[in-house]
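> Shown below is the structure under consideration.
The values are calculated or read from the model by the stated rules, or taken from the named source; none is laboratory data. Since we're looking at a predicted model, the values are computed, not measured. Here Cβ is always computed from backbone atoms with ideal geometry, including for glycine, and neighbour counts include all displayed protein chains. Each accessible area value is taken on the protein alone, full model and side chains, heavy atoms only, with ligands, DNA and RNA left out. Shrake-Rupley method; radii C 1.70, N 1.55, O 1.52, S 1.80 Å.
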Amino acid sequence: MRVSDNQRYQGFIPQYQSLLARQIDIQRQVASGQKILRASDDTAGAARAQLYISELSTLSQDLRNIDEAKGETDIAADAVQRSLDMMQRVRELAVQAGNPTLDNTARTNISQELEQILKTISGLGGQSHRGQMVFSGTLTNQASFVTADTNADGKIDTVTYQGNYETRAVEISPGRTSDYSVLGSNQGGGEFGVFIDWQGGVEQTNVFKSIVDLRNAVDANNLSAISSASIPQLEKDISHLTVAMARIGGVQSRMETSVTLNEDVSETTQLNLSKIRDTDIAEATTRYAQLETSYKAALNMGARIMQMSLLDYVR
Amino acid sequence: MITTNAILDTGVRGLRAFQIALSVTSHNVTNASTPGYTRQRAALSTTLPLPHAPGMIGTGVEVVSVERMRMPTLDQIVRTETSQLGRWDQSASANGVLETMFGDPTDGAIGHALTEFWNAWQDLTTAPGDQGARSVVLQRALSLVDTIRDASTRLDRTNTGQNQALTGYVNDANSYISGIALLNQEISRAELGGQKANDLRDRRDLLIEKLSDLTDLTAVEQPNGMVDIDVGGQSLVSGITSTPLTAVLNPATNHVEVQIGGAPLAFTSGRFQGFVETFANIDSTRSGLNTLAAAIVGEVNAVHSAGYDLTDSTGVNFFSTSGVAGQEAATIDLDAAVKGNPSKIAASSSGPPTPVGNSANALKLALLRDKKAIGGATLNEAFGNIVLDLGSKSRESLQRREDYASAVQAVVEQRDAISGVNMDEEISNMLNFQRAYEAASRVITAVDEMMDRIINRTGRVGI
């Protein structure tokens, strides 16, 4: 075959450029840490990476959502626990007040303590998380309960719920939402009220009314009302608050499970993403070394071929 | 009978022939690197012999022609392959620009802004009354709007750049076309005497090859040596007449069209065909962006307007609906009522009055993320598909460019093997012709001595 000088000199250039371009490509991959810098580098890989990144973002957001919701349920749980402790004390006071030998001073003291507890528990309706009242449904800008002294005797007669009956939900894992709010009352809707609970159109629990009834009975020294009505109702209320604690615990537990699951999925997804997108430095370095050897060999060979000329041998 | 003069003439003919041959060699050597140059060869032939007993006596050598070492069939293949290379080179470089326009292919600017937008709604679900969280929703929405409009602007700039580039190439094509017609004229004149105008033909072939990078073409050589060039059935060059191409901006498409005589010209390959495909890509990308922007506006507004804001209003759009049809990406914006007014974000699903802690509508908006809003794809996926579509087109064009570059290189090498200058060969020829010239010169010297003997010394005994 006849070989022209153009072939000798120009023929090498595309090969040099190809080898150099591949080296630069690897250098970019190593410098950026990613092997997909443009969709055309690996279209299928880029498509999968997009899905993984989207999923990771959702998982990360869900963890934040859970963190926020859990912060609120923690406050709710703490308030319910304190209410429960106080209702235990109310029951103790009821038992004491049922003692026929109790003198007026002791009864007055009990009445005053009950009034104090009533104020404290109704005040728990003002518990808030990031400025949002936790027991008021979606009327989060106002305290859950308002007290009234209807007969102006200086004592609370009624405690009224002023929240609404809407619940709040957040996404806790991709595509799955969870209701996390705790209503102070479900009189007008909702399946469960913490302090005032209605089931089947009948009020089952109203911790405020129980305390007011007890206090009135103590004030009136109505021992039969204390023993036959207040104490059984208080036991029912305590049981209800225990159930409320369990329900809040259930919500928290569900969120904890989601956190674990989300973190596990996130880890696996991150791993998959890394496999597709991240540069394997060892592999890249090896490939670079191979290309470098080829490039040097091509340069060497080209330089030697280009140097050969008949001119060197004729006078 | 052979005369001494006849021998002298033979020697002189040899001198002339080898002088020409050396001249051709010198031309080859000096043009070894000239683009488009075809190696030439002095075709030596014996001159007519003289009849003589006992046989014909030769009268020497002459150069019958200076041949151009070219194979026309290879030229045709080079043009065809160059035309394909031009097409895919244009596509590859334009697609490269388009696909990098959206940033990281796995988490491009719009995709990222969309995700951040959905996440802002998620954050709002846990604190719907928080003005800070509401402001973040607006900020993320503005960022999304900016990103989409920015992509649209960059698409416009790319389109403008491509229009300018195409106009430049049309000017190049016209200079090649007029050059070919001019060379046709010069070649036909130069070849009237029957000799080939080798160097002019080289220059014309080079122009045809440059033109074939821009368009597919048919080049037919006429008996008078002129070449006619047709593209898509339209004549660009006919003898000494050339018809220029025009680059005309089509206001309907905003793309430059290549026209001839006021009518669009159709191509099947060449850089011009690459531009046709580039414009189609720009249009499909813009259409994808517009569909995405329209879907974002439509989907978000549908949910948002059903909710209640903190001022107890409902029916308020989140995005402006005054976007121009066909330019949704360029005109997307927040609704004037919502812009700068976080209280107008309708996070609540109930009202009026709006419960400040109701975030059910915000959650619905956040979960639009998962809605298959565009042809079975979510909004994020739809954006991803735009990038991936560009990526796969870019990958194809890069691959095809590589394939055709190899093909062009292979066929050009084949042609170079015939037409290219080999310096060693030329030096060999040079030495050969130099020696032949010296030998012919020696023949003349010998004849001279013979004549000297006869003229000056014969019959002069004893002097």
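> Considering the range A:269-295 alone, what residues qualify as being closer than 24 Å to A:Ser18 by Cα and within 14 Å of chain B (Cβ to nearest Cβ)?
To start, the set of residues in the range A:269-295 that are closer than 24 Å to A:Ser18 by Cα comprises A:277-295.
Of everything in the range A:269-295, those that are closer than 24 Å to A:Ser18 by Cα and within 14 Å of chain B (Cβ to nearest Cβ) turn out to be A:Arg277, A:Asp278, A:Thr279.
> Right, something else. Quick check, is B:Ser83 under 40 Å from the mean Cα position of the chain (by Cα), farther than 29 Å from A:Leu56 by Cβ, within 12 Å of chain A (Cβ to nearest Cβ) and buried (at least 24 other Cβ atoms within 10 Å of the Cβ)?
Values: under 40 Å from the mean Cα position of the chain (by Cα): yes; farther than 29 Å from A:Leu56 by Cβ: yes; within 12 Å of chain A (Cβ to nearest Cβ): no; buried (at least 24 other Cβ atoms within 10 Å of the Cβ): yes.
The answer is no for B:Ser83.
> Quickly run through the range B:207-222 and pick out the residues that are surrounded by 20 or more Cβ atoms within 10 Å (Cβ to Cβ) and of a type in the set (Val, Ile, Thr).
B:Ile208, B:Thr215, listed by residue number.
> Turning to a different aspect of this structure: Return yes or no: is A:Gln132 farther than 23 Å from A:Val243 by Cβ and out of contact with any strand residue (DSSP E or B) (no Cβ under 6 Å at 6 or more places or on another chain)?
On the way: farther than 23 Å from A:Val243 by Cβ: yes; out of contact with any strand residue (DSSP E or B) (no Cβ under 6 Å at 6 or more places or on another chain): yes.
Yes.
Residues checked against (1) hydrophobic (A, V, I, L, M, F, W, C); (2) open to solvent by 30 Å² or more (accessible area, probe 1.4 Å); (3) on the phi > 0 side of the Ramachandran plot; (4) not assigned by TED's automatic domain parsing to the domain that holds B:Asp172:
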site	(1), (2), (3), (4)
B:Thr246	no, yes, no, no
B:Asn250	no, yes, no, no
B:Arg271	no, no, no, no
B:Ala294	yes, yes, no, no
B:Ala302	yes, yes, no, no
B:Tyr308	no, yes, no, no
B:Asn317	no, yes, no, no
B:Thr321	no, yes, no, no
B:Val324	yes, yes, no, no
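> Could you please let me know if B:Thr378 is farther than 30 Å from B:Trp88 by Cβ, surrounded by fewer than 17 Cβ atoms within 10 Å (Cβ to Cβ) and free of Cβ contacts under 8 Å to residues at least 60 places away in the same chain? Let's see the steps before the verdict.
Details: farther than 30 Å from B:Trp88 by Cβ: yes; surrounded by fewer than 17 Cβ atoms within 10 Å (Cβ to Cβ): no; free of Cβ contacts under 8 Å to residues at least 60 places away in the same chain: yes.
The answer is no for B:Thr378.
> Does any residue of the range B:352-368 turn out to be surrounded by fewer than 24 Cβ atoms within 10 Å (Cβ to Cβ), more than 10 Å from chain A (Cβ to nearest Cβ), in a loop (DSSP other than H, G, I, E, B) and free of Cβ contacts under 8 Å to residues at least 60 places away in the same chain?
Scanning the range B:352-368 turns up at least one residue that is surrounded by fewer than 24 Cβ atoms within 10 Å (Cβ to Cβ), more than 10 Å from chain A (Cβ to nearest Cβ), in a loop (DSSP other than H, G, I, E, B) and free of Cβ contacts under 8 Å to residues at least 60 places away in the same chain.
> Would you confirm, using the coordinates I've provided, whether B:Ser441 is among the small types (Gly, Ala, Ser), touching a residue at least 40 places away in the same chain (Cβ under 8 Å), more than 14 Å from every other protein chain (Cβ to nearest Cβ) and open to solvent by 30 Å² or more (accessible area, probe 1.4 Å)? Can you show your working first?
Working: among the small types (Gly, Ala, Ser): yes; touching a residue at least 40 places away in the same chain (Cβ under 8 Å): yes; more than 14 Å from every other protein chain (Cβ to nearest Cβ): yes; open to solvent by 30 Å² or more (accessible area, probe 1.4 Å): yes.
So B:Ser441 fits the description; yes.
For every residue, the table says whether it meets (1) within 11 Å of chain A (Cβ to nearest Cβ); (2) at pLDDT 95 or above; (3) more than 27 Å from the chain's Cα centre (by Cα); (4) surrounded by 17 or more Cβ atoms within 10 Å (Cβ to Cβ).
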| site | (1), (2), (3), (4) |
| --- | --- |
| B:Gly384 | yes, no, yes, yes |
| B:Val387 | yes, no, no, yes |
| B:Arg395 | yes, no, no, yes |
| B:Tyr404 | no, yes, no, yes |
| B:Ala407 | no, yes, no, yes |
| B:Asp416 | yes, no, no, yes |
| B:Tyr437 | no, yes, yes, yes |
| B:Glu449 | no, no, yes, no |
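> Can you tell me how many residues in the range B:90-149 are of a type in the set (Asp, Glu) and open to solvent by less than 10 Å² (accessible area, probe 1.4 Å)?
Within the range B:90-149, the first condition is being of a type in the set (Asp, Glu), and the residues that meet it are B:99, B:104, B:107, B:116, B:123, B:130, B:146.
Restricting the remaining residues to those that are open to solvent by less than 10 Å² (accessible area, probe 1.4 Å) gives B:99.
The number of residues fulfilling the criteria is 1.
> Here's a follow-up. Out of curiosity, is B:Ala373 more than 30 Å from A:Tyr313 (Cα to Cα), touching a Leu at 6+ places or on another chain (Cβ under 6 Å) and crowded, with 17+ Cβ neighbours inside 10 Å?
Considered against the rule, which asks whether it is more than 30 Å from A:Tyr313 (Cα to Cα), touching a Leu at 6+ places or on another chain (Cβ under 6 Å) and crowded, with 17+ Cβ neighbours inside 10 Å, B:Ala373 comes out as yes.
> Against the definition (under 26 Å from A:Gly201 (Cβ atoms) and open to solvent by less than 50 Å² (accessible area, probe 1.4 Å)), how does A:Ser111 come out, yes or no? So that I can check it myself, show each step before the final result.
Working: under 26 Å from A:Gly201 (Cβ atoms): no; open to solvent by less than 50 Å² (accessible area, probe 1.4 Å): yes.
Against the criterion (under 26 Å from A:Gly201 (Cβ atoms) and open to solvent by less than 50 Å² (accessible area, probe 1.4 Å)), A:Ser111 does not qualify.
> May I ask you to verify whether A:Ser178 is of a type outside the set (A, V, I, L, M) and part of a strand (DSSP E or B)?
On the way: of a type outside the set (A, V, I, L, M): yes; part of a strand (DSSP E or B): yes.
So A:Ser178 fits the description; yes.
> Which residues, taken from the range A:237-289, are under 14 Å from the mean Cα position of the chain (by Cα) and not hydrophobic (A, V, I, L, M, F, W, C)? It would help to see each step written out before you state the result.
Taking the range A:237-289 first, the residues under 14 Å from the mean Cα position of the chain (by Cα) are A:251-263.
A:Gln252, A:Ser253, A:Arg254, A:Glu256, A:Thr257, A:Ser258, A:Thr260, A:Asn262, A:Glu263, listed by residue number.
> Further question on the same structure: Confirm whether B:Gly298 is small (Gly, Ala, Ser), part of a loop (DSSP other than H, G, I, E, B), more than 14 Å from chain A (Cβ to nearest Cβ) and surrounded by fewer than 24 Cβ atoms within 10 Å (Cβ to Cβ).
Working: small (Gly, Ala, Ser): yes; part of a loop (DSSP other than H, G, I, E, B): no; more than 14 Å from chain A (Cβ to nearest Cβ): yes; surrounded by fewer than 24 Cβ atoms within 10 Å (Cβ to Cβ): yes.
No; evaluated as a whole, the condition is false for this residue.
> Every residue in the range A:128-150 that is within 15 Å of A:Ser185 (Cβ to Cβ), under 32 Å from the mean Cα position of the chain (by Cα) and more than 9 Å from chain B (Cβ to nearest Cβ), please.
If the condition is that a residue be within 15 Å of A:Ser185 (Cβ to Cβ), under 32 Å from the mean Cα position of the chain (by Cα) and more than 9 Å from chain B (Cβ to nearest Cβ), then A:Val134, A:Phe135, A:Ala143, A:Ser144, A:Phe145, A:Val146 are the ones that fit.
So that you can scan it fast, the table gives a plain yes or no per residue for (1) in contact with a helix residue (DSSP H, G or I) (Cβ under 8 Å, 6 or more places away or on another chain); (2) of a type in the set (Ser, Thr, Tyr); (3) free of Cβ contacts under 8 Å to residues at least 12 places away in the same chain:
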| site | (1), (2), (3) |
| --- | --- |
| A:Asp74 | yes, no, no |
| A:Ala77 | yes, no, no |
| A:Val80 | yes, no, no |
| A:Ser83 | yes, yes, no |
| A:Met87 | yes, no, no |
| A:Asn109 | no, no, yes |
| A:Gln112 | no, no, yes |
| A:Gln116 | no, no, yes |
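> Condition first: in contact with a Gly (Cβ under 6 Å, 6 or more places away or on another chain) and either touching a residue at least 40 places away in the same chain (Cβ under 8 Å) or part of a helix (DSSP H, G or I) (or both). Can you find one or more residues in the range B:71-84 that meet it?
Here is the first cut: in the range B:71-84, the ones in contact with a Gly (Cβ under 6 Å, 6 or more places away or on another chain) are B:83.
Next cut, either touching a residue at least 40 places away in the same chain (Cβ under 8 Å) or part of a helix (DSSP H, G or I) (or both) only: B:83.
There is at least one residue in the range B:71-84 that is in contact with a Gly (Cβ under 6 Å, 6 or more places away or on another chain) and either touching a residue at least 40 places away in the same chain (Cβ under 8 Å) or part of a helix (DSSP H, G or I) (or both).
> Considering only the range A:38-73, state which residues are facing chain B (nearest Cβ under 10 Å), surrounded by 20 or more Cβ atoms within 10 Å (Cβ to Cβ) and hydrophobic (A, V, I, L, M, F, W, C).
Within the range A:38-73, A:Ala39, A:Ala46, A:Ala47, A:Ala49, A:Ile53, A:Ile66, A:Ala69 meet the criteria.
> State which residue is farthest from the other protein chains (Cβ to nearest Cβ) when the search covers only the range A:188-214 and only residues that are open to solvent by 50 Å² or more (accessible area, probe 1.4 Å) and over 19 Å from A:Ile238 (Cα atoms).
Ranking the qualifying residues of the range A:188-214, first place goes to A:Gly200.
> So if I check each of B:Val258, B:Val276, which one is modelled with pLDDT of 95 or more and open to solvent by 60 Å² or more (accessible area, probe 1.4 Å)? Break it down into steps so the answer makes sense when it comes.
Numbers: B:Val258 fails: open to solvent by 60 Å² or more (accessible area, probe 1.4 Å).
After applying the criteria, what remains is B:Val276.
> Among the candidates B:Gly161, B:Gly225, which residue alone is part of a loop (DSSP other than H, G, I, E, B) and open to solvent by less than 50 Å² (accessible area, probe 1.4 Å)?
Values: B:Gly161 fails: part of a loop (DSSP other than H, G, I, E, B).
Exactly one residue qualifies, and that residue is B:Gly225.
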